[in-house]
1. Restricting attention to the stretch 25-66, which residues are assigned to a helix (DSSP H, G or I) and hydroxyl-bearing (Ser, Thr, Tyr)?
2. Counting only residues that are over 19 Å from residue 199 (Cβ atoms) and of a type in the set (Phe, Trp, Tyr), which one in the stretch 106-161 is surrounded by the fewest Cβ atoms within 10 Å (Cβ to Cβ)?
3. Only strands (runs of 3 or more DSSP E) wholly contained in the stretch 200-271 count here; list those with 2 or more residues that are more than 24 Å from residue 165 (Cβ to Cβ) and either in contact with a His (Cβ under 7 Å, 6 or more places away or on another chain) or among the small types (Gly, Ala, Ser) (or both).
4. Looking at the stretch 164-179 only, could you name the residues that are at pLDDT 85 or above and either in a helix (DSSP H, G or I) or surrounded by fewer than 13 Cβ atoms within 10 Å (Cβ to Cβ) (or both)?
5. List, please: which pairs have Cβ atoms under 6 Å, are six or more places apart or on different chains, and start with a residue in the stretch 288-305 that is within 13 Å of residue 221 (Cβ to Cβ) and end with one that is basic (Lys, Arg)?
6. Just checking, does the stretch 73-86 include any residue being part of a helix (DSSP H, G or I), more than 30 Å from residue 167 (Cβ to Cβ) and either more than 49 Å from the chain's Cα centre (by Cα) or at pLDDT 75 or above (or both)?
7. Taking residue 10 as the residue in question, decide whether it is at pLDDT 75 or above, closer than 30 Å to residue 101 by Cβ, of a type outside the set (Gly, Ala, Ser) and touching a helix residue (DSSP H, G or I) at 6+ places or on another chain (Cβ under 9 Å).
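The values are calculated or read from the model by the stated rules, or taken from the named source; none is laboratory data. Predicted, not measured: the structure shown is a model, and the values here were computed from it. Please note: Cβ atoms are built from the backbone with ideal geometry, for glycine as well, and neighbour counts cover all protein chains shown.
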Amino acid sequence: MKLALLYLRTKLRLLSMLSVFALLFLSVLTLYHLPAEAVGYAALLCLAVGALFAGVDFYRFARRYRAVREAAALRLTGCALPSTDDPIEAAYQELVDAVAADRTALSNQSARDRAAARDYYTLWAHQIKTPIAAMRLILQDEEPDRAELQAQLFRVEQYVEMVLAFSRMGADSTDFLFRSCPLDSIVRQAVRKYAPLFIRKKLALDLQPLPGEVVTDEKWLCFAVEQVISNAIKYTNEGSITISSETPGVLVIRDTGIGIAPEDLPRVFEPGFTGWNGRLDKRATGVGLYLTRQILTALGHTIAIDSAPGQGTAVTLDLRADAVRPI
């Protein structure tokens, strides 16, 4: 009964129009004094044919209504909408399909993001246990090695900064503040932070003049440069690290380290990928370069790596961003 009332409601305009037509015909027939018998017979025929068409139309309406309700109950997953000859309704179905496709894509992306975050936080929790355990062992000595303790504390700080950056980059908004910044000042901040590691590993630093300014967010770019320098130190056992800018706005960081295998180069920016070098250094998380590219992309910059096993690595940061302007 409820379905029949819904059907009549959808046909209310048509029924109103037919009723007006019937009154017009009745008025004309009355004025012309036509035989009532002939008029009644024609009216019965019209009603019979109309009832037949109405029955078929109601059956199609009921079937489509139930199908749409089923699709709504299943939230458009596993149940297709019924076909229609109405162009307007077909356009609505295309809109619904597009919304459903977007919803599925967002849901899949959200699931991938959650899985990536869960994997990283799990890895991070295991990684940070190592320096904490090392510090605990050092403190058990009667005369703790302060240099080693500071080195382990530095590692903890690195892990904390990386997890904070990972969390912030996954947020809907970031605290970017674009302005014109001296490139030399940004790089020197990163170099000063990692100076103890240069000294500890006895690595030479060739910091060449870095003239000019770049339009960027100083804090986030400094973090990205730190990650590149950290990798250079980690995988360089002897030799030197050179930081230069032969082209204004292009920063190049070269090391004389172990290099990267050719098969690993295309994947070094993937989250969690450590490659052959990760097998040599069990502390590798495979997140540093991933975060670096994510940050640089958000800032409007690019990063490229050129490397070969045993021949060192050259990381190029192109900071010439035309899309952003100082505020």
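1. Within the stretch 25-66, the first condition is being assigned to a helix (DSSP H, G or I), and the residues that meet it are 25-31, 36-66.
Of everything in the stretch 25-66, those that are assigned to a helix (DSSP H, G or I) and hydroxyl-bearing (Ser, Thr, Tyr) turn out to be 27, 30, 41, 59, 65.
2. 121
3. Output list reads 240-247.
4. Within the stretch 164-179, the subset at pLDDT 85 or above is 177-179.
177 - this is the single residue of the stretch 164-179 that is at pLDDT 85 or above and either in a helix (DSSP H, G or I) or surrounded by fewer than 13 Cβ atoms within 10 Å (Cβ to Cβ) (or both).
5. Pairs found: 303/293.
6. No, because not a single residue in the stretch 73-86 is part of a helix (DSSP H, G or I), more than 30 Å from residue 167 (Cβ to Cβ) and either more than 49 Å from the chain's Cα centre (by Cα) or at pLDDT 75 or above (or both).
7. So residue 10 fits the description; yes.
This table checks each residue for (1) surrounded by 18 or more Cβ atoms within 10 Å (Cβ to Cβ); (2) of a type in the set (A, V, I, L, M); (3) out of contact with any strand residue (DSSP E or B) (no Cβ under 6 Å at 6 or more places or on another chain).
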{"position": "208", "(1), (2), (3)": "no, no, no"}
{"position": "225", "(1), (2), (3)": "yes, yes, yes"}
{"position": "228", "(1), (2), (3)": "yes, yes, no"}
{"position": "231", "(1), (2), (3)": "yes, no, yes"}
{"position": "235", "(1), (2), (3)": "yes, no, yes"}
{"position": "242", "(1), (2), (3)": "yes, no, no"}
{"position": "248", "(1), (2), (3)": "no, no, yes"}
{"position": "251", "(1), (2), (3)": "yes, yes, no"}
